[in-house]
Amino acid sequence: METRVALIGIIVENQDSTEKLNAILHDFGEYIIGRMGIPYEKKNINVISVAIDAPQDVISALSGKLGAIDGVSTKTAFSNV
């Protein structure tokens with residue numbers, strides 16, 4: 001199956017949601033190229049970026065599951081490659 005590279009931007013506003021978020025990312029670990037998390041203490045949020053190489057339906061499923069977590073917002077950008 002053909003894969004695409006994408007970047008999922010994640011903003012975590014509810015710190016109690018991080019355990020569930022990390023569990024979901026672990027479940028999709030085989031597709032994740034890398035991730036970077038930055039705590040922004042001034043606003044009490046975390047900003048996370050996840051680079052992924054996967055079939056489009058897997059990327060959409062991951063983004064949807066993350067966005068369904070309370071206090072978590074996501075946005076996905078796809079490469080053309």
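None of the figures in this text is laboratory data; all of them are computed from the coordinates on show. Just so we're clear, the structure is a prediction, and the values are computed from it rather than from any experiment. So basically every Cβ, Gly included, is an ideal-geometry build from the backbone, and we count neighbours across all protein chains shown.
For the stretch 48-61, does any single residue satisfy the condition of being touching a Pro at 6+ places or on another chain (Cβ under 9 Å), within 21 Å of Ser79 (Cα to Cα) and of a type in the set (D, E, K, R)? Looking through the stretch 48-61, none of the residues is touching a Pro at 6+ places or on another chain (Cβ under 9 Å), within 21 Å of Ser79 (Cα to Cα) and of a type in the set (D, E, K, R). Contact map, the stretch 37-61: first residue over 20 Å from Ser17 (Cα atoms) and free of Cβ contacts under 8 Å to residues at least 24 places away in the same chain, second residue part of a helix (DSSP H, G or I) and β-branched (Val, Ile, Thr), Cβ cut-off under 9 Å, separation 6 or more or different chains; the map is empty. Scanning the stretch 14-67 for residues that are of a type in the set (D, E, K, R), touching a strand residue (DSSP E or B) at 6+ places or on another chain (Cβ under 9 Å) and closer than 22 Å to Val81 by Cα yields a count of 3. Which ones in the stretch 26-75 are among the small types (Gly, Ala, Ser) and closer than 23 Å to Met1 by Cα? Within the stretch 26-75, Gly29, Gly34, Ala51, Ala54, Ser60, Ala61, Ser63, Gly64 meet the criteria. Step by step: first the residues of the stretch 27-81, then only those that are part of a loop (DSSP other than H, G, I, E, B) and touching a Leu at 6+ places or on another chain (Cβ under 7 Å), then the one that is surrounded by the most Cβ atoms within 10 Å (Cβ to Cβ). Which residue is that? It comes out as Ile69. In the stretch 3-13, of all residues being within 16 Å of Lys43 (Cα to Cα) and surrounded by 15 or more Cβ atoms within 10 Å (Cβ to Cβ), the one that is nearest to the chain's Cα centre (by Cα) corresponds to Ile10.
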